[in-house]
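Trainee: To start, I am sharing the structure in question, which I have written as structure tokens.
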Amino acid sequence: MPKRRNFECPNCGTVVSEPTKTWQLVAPIPDRKGRITVTVMGAFECPNCSHKWRDVVSKLKIGETSVEVSGREIGIEEKREPKVIEIDLENLDEEIAEMEEYEEE
Ligand SMILES: [Zn+2]
């Protein structure tokens, strides 16, 4: 099983393991390899202080023969269906800002 990521409340530091809601953002334009970038966003609510925030849960690049997860490419020639894998991400602030543009409130 992939390691699950825990999300920390930015306000009080309480660890929240599950988003209250998730949604996917699909980049409108494929990258140079013709892959579609899918970002899974999560909405979180702190059970301790009720602070609400959003974070990237995982990010996938889906192509015909491979799936890239945060820069690591995984061949899917044997398994035709892309598998959703949760992974830890670093330096997300910039990407979150970028994704806000596609987001509908
Ligand atoms: Zn909190």
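Read-outs throughout are calculated quantities, based only on the coordinates presented, and are distinct from any laboratory measurement. All figures in this text were calculated on a predicted structure; none of them were measured in a lab. Please note: Cβ atoms are built from the backbone with ideal geometry, for glycine as well, and neighbour counts cover all protein chains shown.
Trainee: Quick one: putting +1 on the C-beta of Lys and Arg, -1 on the C-beta of Asp and Glu, what dipole do you get for segment 7-84 around its Cα centre, in Debye to the nearest 20?
Mentor: Using Cβ point charges on Lys, Arg, Asp and Glu, segment 7-84 gives about 180 debye.
Trainee: Would you please give the residues with an amide H less than 5 Å from that of Ser66, counting only those at least 5 places away or on a separate chain, with H modeled from the backbone geometry?
Mentor: Those qualifying (amide H under 5 Å, at least 5 residues apart or on another chain) are Ile76.
Trainee: What residues from segment 48-62 fall in the zone where the backbone N is under 19 Å from a label point 7 Å along the Cα-to-C-beta line of Asn11?
Mentor: 48-56
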